[in-house]
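Enquirer: Before anything else, here's the structure in question.
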Amino acid sequence: MWDFVKVLTEIQVDDIIWSYLVDRCNHFIVESHQIAQHAIEIYSLRVNCRVTSRFAHTVITSKIINRANESREATFEVELPKTAFITNFSMSIDGKLYPGIIKEKASAQKEYDAAVSQGQSAGLVKITGRKLEQFHVSVSIAAASKVTFELAYEELLKRQLGLFELLIKVRPQQLVKHFQIDVHIFEPQGIRFLETDSTFMTNELNEALTKVQNETKAHILFKPTVDQQKVNPELDETLLNGDFLVRYDVKQVATAGDIQIFNGYFVHYFAPQEMPVFPKNVIFVIDRSGSMAGRKIEQTREALLKILQDLRPEDHFSCITFNNKVVEWKSALLQATAENVASAAGFVRTITARGGTDINHALLTAVSVLDKAERLPERSVSMIILLTDGQPTSGESKVEVIQENIQKAVNGKYALFCLGFGFDVSYNFLEKMALSNGGIARRIYENADAALQLQGFYQEVATPILMKIEMQYPDNAVEGLTKNNFKLFFEGSEIIVSGKISNELDLLPVEIKAQSHTSDLTLKEEANVKEKEQVFQSRNYIFGNFIERLWAYLTIQQLLEKSISAQEEQQKALEARALELSLQYGFVTPLTSMVVTKPTGQQQAELANKPTEADNEKPSSFPVGDAYRMSVPLPTKAHPALLSQLPKENTDGQAELSVLLLSDPEQGLSVTGKHGDKINQFVQFEITYVNPAVQINVSVDEIVLSHDNKNIRLSWTESATSAVQGLYKKDYRLESTSDPVSCWSVVGTS
């Protein structure tokens with residue numbers, strides 16, 4: 001195959017013919033791989049989900065048979081929501097059960113380390129995108145043997161912009177004889193709205209979808225036949241590859257919310273409707289350092305221009321941009337009149353990216369503007385929205401000092417929301433700073449829809465309707481209460497409080513105090529314990545002690561969140577309590593691991609850990625299924641920026657100083673850059689892959705690709721493509737173009 005590709009690169013062929021030949025070669029390899037792969041047949045794949053009062057319990061069961069006449073590896077690969085906690089996993093091989101065991105993370109790690117010292121590997125869960133993480137395990141099974149994989153996880157659905165969303169990732173990678181998604185929803189408040197959606201649905205597949213709904217219950221069944229699953233009647237390729245979504249909302253009451261009680265635990269849902277929106281005093285603090293150059297700054301401008309149009313006339317706002325210097329659109333907050341919005345839009349259009357990153361000075365400037373603001377609405381909500389893509393490199397660069405400075409300056413007066421653009425930013429730094437100042441952090445992914453992500457976040461916080469909310473319950477009758485004080489409530493969201501109630505309690509009183517735009521509110525409600533428990537007598541629509549598990553889930557999440565901004569001693573106490581509950585209720589959380597055992601002779605100990613958003617900040621963490629690209633533009637003028645410069649003009653530069661730019665032993669990848677003599681740019685890059693052994697040498701004269709003791713040379717003056725098969729189960733190609741702005745790239749596609 002390699003010789004064939006080499007021959008093609010050495011003769012001049014029409015681009016269309018070249019593309020066709022390479023495509024056919026790749027298609028042949030894929031077909032050969034699929035034939036071998038389908039010897040391992042998934043003959044049954046079922047997703048069963050029960051949602052009771054927002055709390056979802058999902059079980060995924062995959063049954064596989066080895067139809068080859070020799071041992072083969074069977075793989076179970078599932079993508080589940082980041083917000084979910086895995087609760088159970090097991091493998092059953094020819095009737096013998098291999099269960100997963102949840103342990104304290106440190107204890108499980110010791111077992112893993114012992115396994116690694118014997119040459120085994122582990123790490124079964126990784127983040128795969130903005131909403132999902134992937135569970136992946138493989139096991140070798142004998143000829144004609146069967147294996148059943150079963151994974152269970154639980155999550156509390158979060159109401160955003162007026163809807164709950166249940167996300168099920170569908171990706172069997174082959175036709176499945178018995179495939180079904182079975183979702184049961186029970187909402188005692190009543191179901192106001194229900195819809196299903198998917199990224200792969202066709203007219204034929206839509207015939208396999210049924211929905212049944214009454215006042216409080218819904219049943220969604222998706223059960224396509226093998227023929228309905230096919231992309232083409234003549235090909236054994238599946239359409240089932242994407243997201244299956246169920247969105248719904250519940251009926252809201254105009255009182256103090258809805259209280260539900262079961263087996264000694266209660267949950268209180270509060271989502272007031274049709275209330276006046278607070279005017280906002282908002283400052284947008286935008287990073288314009290050099291790392292934001294290109295598509296990032298374009299998407300940021302695009303999003304800001306649309307967000308400015310969404311400001312309400314009664315809002316006040318300002319814009320601050322920063323690199324190593326801070327630039328204010330105006331030195332004061334201005335009302336969002338049409339004239340002021342137009343002026344701000346003009347300012348936004350001029351934002352360009354260059355220089356360092358002085359986050360500390362920018363945020364302190366924003367706080368100062370709010371502190372000095374005059375003639376603001378008496379009842380209004382003040383917030384700062386920070387967008388940055390990197391570490392602080394100018395001014396104060398110690399993150400601990402920055403966090404302390406900002407917390408001291410804000411002093412509880414304003415809410416700080418931190419948006420981290422991409423994976424070079426320290427998410428831990430932003431998250432701690434946001435949580436310490438009454439806000440939240442969010443990562444913005446560097447995808448084509450980054451501008452929509454930014455707008456979507458703003459929509460979530462654009463309509464505050466309550467502030468200083470206190471949910472009060474009798475101290476002598478309730479224990480283990482989850483968070484019951486909230487700084488802000490935004491329209492379309494929901495407050496959830498849960499706890500354990502006394503056995504002797506007949507009536508559970510609740511009092512809610514809050515501030516609205518027009519007045520102070522006091523809402524009262526009283527729940528009859530026995531009457532509330534009668535609602536859940538029918539066991540067909542619930543799973544176990546679901547409110548108790550919901551309480552444990554919510555408590556663990558809040559303990560972990562609180563620990564992020566806590567001092568060391570308090571942090572240890574919070575994590576110890578979260579660990580205790582994780583083990584008691586069997587949740588895989590950041591403090592626990594699931595030890596997965598396998599048959600004798602195979603990897604004896606593998607770990608399923610719960611990744612955090614900060615774990616997503618390594619160079620090899622690319623979303624599964626997405627193409628990823630390293631590219632270096634070739635400008636015609638010299639520029640001192642690291643990595644981005646390989647000027648064609650400096651052809652006399654000598655490669656002297658070598659710098660290791662990237663090393664990823666796990667993926668077997670390293671990148672080295674070489675500086676030219678007396679010039680502050682790279683004149684050469686070396687990219688080395690371990691398996692298969694490939695080296696790419698990029699210089700100012702040419703690109704040389706070395707593999708199997710053969711070299712392929714690509715000139716900057718021509719357009720060409722070379723393919724190498726076998727790099728991490730992906731197809732890689734090397735591209736050079738003769739465009740006026742030349743570039744080279746290594747492209748990987750799944």
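The values are calculated or read from the model by the stated rules, or taken from the named source; none is laboratory data. Keep in mind that this is a model prediction, so the values were computed, not measured. Cβ atoms come from the backbone with ideal geometry, glycine included; neighbour counts cover every protein chain shown.
Enquirer: Those residues that are in a strand (DSSP E or B) and closer than 20 Å to Thr52 by Cβ, I need them from the stretch 198-221; list them, please.
Expert: Lys211, Val212, Gln213, Lys217, Ala218, His219, Ile220, Leu221
Enquirer: Here is a check on your reading of the model: is Asn241 within 20 Å of Leu488 (Cα to Cα) and in contact (Cβ under 8 Å) with a residue 24 or more places away in the chain?
Expert: No.
Enquirer: Take the residues in the stretch 333-351 that are surrounded by 14 or more Cβ atoms within 10 Å (Cβ to Cβ) and touching a helix residue (DSSP H, G or I) at 6+ places or on another chain (Cβ under 9 Å); name whichever of them is farthest from Val381 (Cα to Cα).
Expert: Top of the filtered list is Ile351.
Enquirer: For the stretch 540-598, name all the residues that are in contact with a strand residue (DSSP E or B) (Cβ under 9 Å, 6 or more places away or on another chain), more than 26 Å from Arg50 (Cβ to Cβ) and at pLDDT 95 or above.
Expert: If the condition is that a residue be in contact with a strand residue (DSSP E or B) (Cβ under 9 Å, 6 or more places away or on another chain), more than 26 Å from Arg50 (Cβ to Cβ) and at pLDDT 95 or above, then Leu579 is the only one that fits.
Enquirer: If you take the residues in the stretch 498-513 that are out of contact with any Gly (no Cβ under 9 Å at 6 or more places or on another chain) and not basic (Lys, Arg), which one is farthest from Gly257 (Cα to Cα)?
Expert: Glu504
Enquirer: Regarding Glu511, is this residue within 18 Å of Ala271 (Cα to Cα), free of Cβ contacts under 8 Å to residues at least 24 places away in the same chain and either assigned to a strand (DSSP E or B) or touching a Leu at 6+ places or on another chain (Cβ under 9 Å) (or both)?
Expert: Here the answer is no, as Glu511 does not meet what is asked.
Enquirer: Can you confirm whether Glu165 is in a strand (DSSP E or B) and more than 25 Å from the chain's Cα centre (by Cα)?
Expert: no
Enquirer: OK, next. Loosely packed, with under 15 Cβ neighbours inside 10 Å and of a type in the set (Val, Ile, Thr): which single residue out of Val250, Val267, Val212 fits that description?
Expert: Result: Val212 is the single residue among Val250, Val267, Val212 that is loosely packed, with under 15 Cβ neighbours inside 10 Å and of a type in the set (Val, Ile, Thr).
Enquirer: Quick one: how many residues across the stretch 164-222 are within 30 Å of Glu41 (Cβ to Cβ), touching a residue at least 40 places away in the same chain (Cβ under 8 Å) and touching a Phe, Trp or Tyr at 6+ places or on another chain (Cβ under 6 Å)?
Expert: Looking only at that region, the number is 5.
For every residue, the table says whether it meets (1) modelled with pLDDT under 65; (2) of a type outside the set (Lys, Arg); (3) within 23 Å of Asp424 (Cα to Cα); (4) crowded, with 18+ Cβ neighbours inside 10 Å.
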| site | (1), (2), (3), (4) |
| --- | --- |
| Ala655 | yes, yes, no, no |
| Val659 | no, yes, yes, no |
| Gly668 | no, yes, yes, no |
| Val671 | no, yes, yes, yes |
| Gly676 | yes, yes, no, yes |
| Phe682 | no, yes, yes, yes |
| Ile687 | no, yes, yes, yes |
| Pro692 | no, yes, no, no |
| Glu702 | no, yes, no, no |
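Enquirer: Please work out if Asn428 is in a helix (DSSP H, G or I), touching a residue at least 24 places away in the same chain (Cβ under 8 Å), surrounded by fewer than 17 Cβ atoms within 10 Å (Cβ to Cβ) and among the polar types (S, T, N, Q).
Expert: The answer is yes for Asn428.
Enquirer: Let me ask another. Within the stretch 431-454, restricting attention to residues that are among the small types (Gly, Ala, Ser) and outside any strand (DSSP E or B), which residue is modelled with the lowest pLDDT?
Expert: Once the filter is applied, the top-ranked residue is Ala448.
Enquirer: Within the bounds of the stretch 261-281, is there any residue that is under 15 Å from Ala366 (Cα atoms), of a type in the set (S, T, N, Q) and in contact (Cβ under 8 Å) with a residue 40 or more places away in the chain?
Expert: So far as the stretch 261-281 goes, yes, one or more of its residues are under 15 Å from Ala366 (Cα atoms), of a type in the set (S, T, N, Q) and in contact (Cβ under 8 Å) with a residue 40 or more places away in the chain.
Enquirer: I would also like to ask the following. Modelled with pLDDT of 95 or more, in a loop (DSSP other than H, G, I, E, B), outside the structural domain of Arg54 (by TED's automatic domain parsing) and not aliphatic (A, V, I, L, M): does that describe Lys483?
Expert: yes
Enquirer: What number of residues within the stretch 266-319 are touching a helix residue (DSSP H, G or I) at 6+ places or on another chain (Cβ under 9 Å) and closer than 30 Å to Asp506 by Cβ?
Expert: Residues flagged as touching a helix residue (DSSP H, G or I) at 6+ places or on another chain (Cβ under 9 Å) and closer than 30 Å to Asp506 by Cβ within the stretch 266-319 amount to 2.
Enquirer: For residues that are at positive phi and not in a strand (DSSP E or B), scanning just the stretch 237-263, find the one that is farthest from the chain's Cα centre (by Cα).
Expert: Filtering the stretch 237-263 for residues that are at positive phi and not in a strand (DSSP E or B), the one farthest from the chain's Cα centre (by Cα) comes out as Asn263.
Enquirer: Please verify whether Lys230 is of a type outside the set (Val, Ile, Thr), assigned by TED's automatic domain parsing to the domain that holds Asn48 and within 23 Å of Asn48 (Cβ to Cβ), treating the condition exactly as stated.
Expert: Criteria not met by Lys230.
Enquirer: Now for a separate question. Gly390 fails exactly one of the following numbered conditions: (1) modelled with pLDDT of 90 or more; (2) in contact with a helix residue (DSSP H, G or I) (Cβ under 6 Å, 6 or more places away or on another chain); (3) not basic (Lys, Arg). What is the number of that condition?
Expert: Checking Gly390 against (1) modelled with pLDDT of 90 or more; (2) in contact with a helix residue (DSSP H, G or I) (Cβ under 6 Å, 6 or more places away or on another chain); (3) not basic (Lys, Arg), the one that fails is (1).
Enquirer: A further question follows. Scan Ala462, Ala434 and give me the residue that is buried (at least 18 other Cβ atoms within 10 Å of the Cβ) and closer than 26 Å to Trp551 by Cβ.
Expert: None of the other options fit; the residue is Ala434.
Enquirer: Can you tell me which residue among Ser121, Ser107, Ser90, Ser138 is modelled with pLDDT under 90, closer than 20 Å to Ser582 by Cα and either small (Gly, Ala, Ser) or part of a loop (DSSP other than H, G, I, E, B) (or both)?
Expert: When all the criteria are applied, what remains is Ser107.
Enquirer: Could you check Leu505 against (1) within 24 Å of Ala614 (Cβ to Cβ); (2) among the hydrophobic types (A, V, I, L, M, F, W, C); (3) free of Cβ contacts under 8 Å to residues at least 60 places away in the same chain and say which number it fails?
Expert: Against the list (1) within 24 Å of Ala614 (Cβ to Cβ); (2) among the hydrophobic types (A, V, I, L, M, F, W, C); (3) free of Cβ contacts under 8 Å to residues at least 60 places away in the same chain, Leu505 comes up short only on (1).
Enquirer: Leu245 passes all but one of (1) closer than 23 Å to Leu132 by Cα; (2) of a type outside the set (S, T, N, Q); (3) surrounded by 19 or more Cβ atoms within 10 Å (Cβ to Cβ); (4) modelled with pLDDT of 95 or more; which number fails?
Expert: (3)
Enquirer: Looking at the stretch 168-182 only, could you name the residues that are more than 19 Å from Pro81 (Cβ to Cβ) and surrounded by fewer than 16 Cβ atoms within 10 Å (Cβ to Cβ)?
Expert: The answer is Gln173, Lys177, His178, Gln180.
Enquirer: Tell me, which strands (runs of 3 or more DSSP E) lie completely within the stretch 264-381 with 1 or more residues that are under 24 Å from Leu452 (Cα atoms) and more than 28 Å from the chain's Cα centre (by Cα)?
Expert: In the stretch 264-381, 280-287, 316-322 are the strands (runs of 3 or more DSSP E) which contain 1 or more residues that are under 24 Å from Leu452 (Cα atoms) and more than 28 Å from the chain's Cα centre (by Cα).
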